[in-house]
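Heads up: the structure comes next, in structure tokens.
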Amino acid sequence: MNKSYIGACGNYCGSCPIMTAQKKGIEYQKKLSSSLSSQMGKTISINDIQCPGCKDSIKDRHSWAFRCNLRKCVTGKGHENCSSCEELKTCKRIKDMSDLYAGTLLKQLDEYKNLGAEKWYSLMEKRWTCKDCGEAIDASTKKCICCNSDNSKHVNSTFEKQNEEKEN
């Protein structure tokens, strides 16, 4: 288990668009920096599109996660991620971030709380690995970073399966 891939926000860092862009290279980084600049109303440079994962970001002052307010909040409160925060249900910051991923982050934080770190990590590896080629799936698009196949059905089925197991 790579603990640096346990995102403060509930995302599996291996599926994070920032980490995905870093892996895909300069053209993808340019596209994402442009998109994020539009969404956030401020300039996001190509150099901003890099991240080693939430836990390892303390070693890289230039990484996306080093500057992430959610990560700063989580570490400031001494939590592993937002799942153990007493303010989770009312936190605008995590709700807004989760909304960018169609609610995925809040669902995954709930799974983390219920499963624990190791089982959650195992589930995330399965959920965010392309069924066609075995590469990472970008959580923002649910498309494979390598073959570009749409993995929405695969990702959604892992949520459905987890809900069924929770109910039983």
Next item on the list: Filter the range 1-35 down to residues that are touching an Asp or Glu at 6+ places or on another chain (Cβ under 8 Å) and at pLDDT below 85 and give me whichever is surrounded by the most Cβ atoms within 10 Å (Cβ to Cβ).
Entry: THR20
Next item on the list: For residues that are in a helix (DSSP H, G or I) and either surrounded by fewer than 22 Cβ atoms within 10 Å (Cβ to Cβ) or β-branched (Val, Ile, Thr) (or both), tally how many sit in the range 98-110.
Entry: 7
Item checked: Check on SER83, within 15 Å of the chain's Cα centre (by Cα), within 25 Å of LYS107 (Cα to Cα) and hydroxyl-bearing (Ser, Thr, Tyr) -> yes
Next item on the list: Give me a count of the residues in the range 54-88 that are modelled with pLDDT of 90 or more, surrounded by 15 or more Cβ atoms within 10 Å (Cβ to Cβ) and not in a helix (DSSP H, G or I).
Entry: 3
Next item on the list: Output the residues belonging to the range 2-39 that are outside any helix (DSSP H, G or I) and either out of contact with any Ser or Thr (no Cβ under 8 Å at 6 or more places or on another chain) or free of Cβ contacts under 8 Å to residues at least 12 places away in the same chain (or both).
Entry: ASN2, ILE6, GLY7, TYR12, CYS16, GLY25
Check: Do you know which of the residues in the range 125-157 that are in contact (Cβ under 8 Å) with a residue 12 or more places away in the chain and in contact with an Asp or Glu (Cβ under 7 Å, 6 or more places away or on another chain) is nearest to GLN108 (Cα to Cα)?
Finding: LYS142
Check: Out of curiosity, is ASP60 under 19 Å from THR20 (Cα atoms), over 17 Å from the mean Cα position of the chain (by Cα) and of a type in the set (D, E, K, R)?
Finding: yes
Note to self: I need the full set of residues from the range 40-53 which are of a type in the set (Val, Ile, Thr), farther than 22 Å from SER98 by Cβ and outside any helix (DSSP H, G or I), in order please.
What the structure shows: THR43
Note to self: Taking the condition of being part of a strand (DSSP E or B) and either of a type in the set (A, V, I, L, M) or at positive phi (or both), how many residues in the range 119-146 meet it?
What the structure shows: 2
Notebook entry, point to check: Identify, please: which residue in the range 140-158 is modelled with pLDDT of 90 or more and hydrophobic (A, V, I, L, M, F, W, C) and is, among those, farthest from the chain's Cα centre (by Cα)?
Noted result: CYS147
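The values are calculated or read from the model by the stated rules, or taken from the named source; none is laboratory data. Note that this is a predicted model, so its numbers are computed, not measured. Note that we place each Cβ from the backbone using ideal geometry, even for glycine, and neighbour counts take in every protein chain shown.
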